[in-house]
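The structure appears right after this line, and notes come after that.
The values are calculated or read from the model by the stated rules, or taken from the named source; none is laboratory data. If you're wondering where the values come from, they're calculated on a predicted model, not measured in any experiment. Every residue, glycine among them, receives a Cβ derived from its backbone with ideal geometry; neighbour counts consider all protein chains shown. These accessible areas exclude ligands, DNA and RNA; they are computed on the full protein's heavy atoms, side chains included. Shrake-Rupley method; radii C 1.70, N 1.55, O 1.52, S 1.80 Å.
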Amino acid sequence: APPECPFCGEAAGRELEEHVRARHGHLLGAPGTGNGEQLYECPMCSLTCTNIQILEEHVELHLEEHNFSEGTDLELAQQLQTEEDERQRSEEEKREREEFKKLQRQYGLDNSGGFKQQFLKNMEREVDRGRMLPFEYHKRKADMMESLASGIDDGKTKTSGVIEALCKYYQNENKDVRRVWLSAGVDHFHSSLGDRGWGCGYRNFQMLLSSLLQNSCYNDCLRDTTLIPSIPKIQSMIEDAWREGFDPHGASHFNNRLHGSKAWIGACEIYSLLTSLRIKCQIIDFHKPTGPMGTHPRLFEWILHYYSRDNEGGAKVVCTSKPPIYLQHQGHSRTVVGIEEKKNKSLCLLLFDPGCSSQQMQKLLKQNSDGTALKLLRKFVGSLKEKQYQIVAVDGVLSLEEKAARCRASQVLTAEKIP
């Protein structure tokens, strides 16, 4: 608190000396003693002086001492504040470094190895726990090394024939489905020991590609990709797209390198890869909820239009020639393989999830009449409540000129916004 005047109690701050002299100088003198000698009492410590000059010098010493003490306190406070600011800044920088490293680990950018390293590590863990015999370890390691050398997926996580089984099921279903549209045939791929926790984007690309390879319209642009590539091969294919000039901003996020890492990929990487193969596609960004309770009915309506366009016949089950749709949200991606319209007009997406195992997907091949296994696939409007969704939808083949134009455009690519 600022120092107070000893005479009037007023806060005088650094101007205490001037305040005492200007306002209370007449009080510095006091009645003398009985022998006629004039005495002067110090207002700050009650010392009695016989000379006004001595008193003034004495009071000035008090004031100088106070000013020195106040200056020392201010310097100390400033020093303590500086030290506290530096401590907080250091702690914040440490938190930022730790958070950055955590994000790097989460998104596979921490140089901890890729598919091969994780596959071997997880198999070794399975052997240690007694869940895998040594001879099986060596066999699976040999198969994995062969797959990596050839760049072809080993097919051990693939389930085929689900779309065909769904078509048969819906033909006989007569409860609450008014109409259903299914994509062209598509194989399901699930995550393995090598990509568990980060491989969903790659697995969804494999699903989409499995459908395109069954469609003769894409034979020309996929003549160099006649078999499903392994995840490390897909990583190399995305790097090739970057080298062609696609999405330099996105490439810089990964330091232009995916192969040998556990890096997560999303809609932009899928778009770049497909476009580099001359496959015509678009990214649609549903950047905010469009319904109550954080739901996205516009997403469902867009997908319904995608499948039902050019398929307006009156049949209950419409097996379209449309490829499946890549669906991305924060932290995960899935593949849309169809959409139901219920008798009450509500919509339900049918999704292939890379997190579902082959054992779970096999149940769909032997569909019970009650359709209980469809719970794996069905997602209603109230089930998709992430803040934002992106889809990549395929719609034809690009000419070389169109591919070059899209490559240039992708350098400033902004996804189309759905209001």
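Tell me which residues, restricted to segment 97-120, are modelled with pLDDT of 75 or more and open to solvent by 70 Å² or more (accessible area, probe 1.4 Å).
K116, Q117
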**OP:** Starting from segment 249-274, keep only residues that are under 21 Å from Q330 (Cβ atoms), then list their pairs with residues that are among the hydroxyl-bearing types (S, T, Y) and in a loop (DSSP other than H, G, I, E, B) whose Cβ atoms are within a distance under 6 Å, requiring at least 6 positions of separation or different chains.
**Re:** W264/Y107
**OP:** Could you tell me whether segment 177-189 includes any residue that is within 25 Å of I234 (Cα to Cα), among the charged types (D, E, K, R) and surrounded by 14 or more Cβ atoms within 10 Å (Cβ to Cβ)?
**Re:** yes
Original post:
Listed residues S321, S369, S358, S399; which is closer than 30 Å to W198 by Cβ and either at pLDDT below 90 or among the hydroxyl-bearing types (S, T, Y) (or both)?
Top reply: S358
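Within segment 122-228, which helices (runs of 4 or more DSSP H) (wholly inside it) include 2 or more residues that are over 29 Å from A263 (Cα atoms) and within 34 Å of the chain's Cα centre (by Cα)? Show your work before the answer.
Values: elements: 134-150, 162-172, 200-212.
Correct list: 162-172.
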Original post:
Which condition number in (1) under 20 Å from Q390 (Cα atoms); (2) modelled with pLDDT under 95; (3) aliphatic (A, V, I, L, M) is the one that L299 fails?
Top reply: (2)
Original post:
Taking only pairs six or more apart or across chains, which ones have beta-carbon atoms under 6 Å, a first residue in segment 198-216 that is open to solvent by 10 Å² or more (accessible area, probe 1.4 Å), and a second residue that is outside any loop (DSSP other than H, G, I, E, B)?
Top reply: C200/H332; C200/S333
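What is the residue count in segment 35-76 for residues that are surrounded by 14 or more Cβ atoms within 10 Å (Cβ to Cβ) and either part of a helix (DSSP H, G or I) or modelled with pLDDT under 70 (or both)? Talk me through it step by step, then tell me what you get.
To start, the set of residues in segment 35-76 that are surrounded by 14 or more Cβ atoms within 10 Å (Cβ to Cβ) comprises 39-44, 47, 49, 55-56, 58-59, 62-63, 66-67, 70.
In the following step, the residues that additionally are either part of a helix (DSSP H, G or I) or modelled with pLDDT under 70 (or both) were identified as 44, 55-56, 58-59, 62-63, 66-67, 70.
Residues meeting the conditions: 10.
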Original post:
What about I231, is it touching a residue at least 40 places away in the same chain (Cβ under 8 Å), of a type in the set (A, V, I, L, M) and touching an Asp or Glu at 6+ places or on another chain (Cβ under 7 Å)?
Top reply: yes
Subject >> Complete set of residues in segment 354-364 that are assigned to a loop (DSSP other than H, G, I, E, B) and surrounded by fewer than 22 Cβ atoms within 10 Å (Cβ to Cβ) >> reply: G355, C356, S357
**OP:** Read through the list (1) among the hydroxyl-bearing types (S, T, Y); (2) in contact with a strand residue (DSSP E or B) (Cβ under 6 Å, 6 or more places away or on another chain); (3) at pLDDT below 95, then give the number of the only condition that S252 fails.
**Re:** (2)
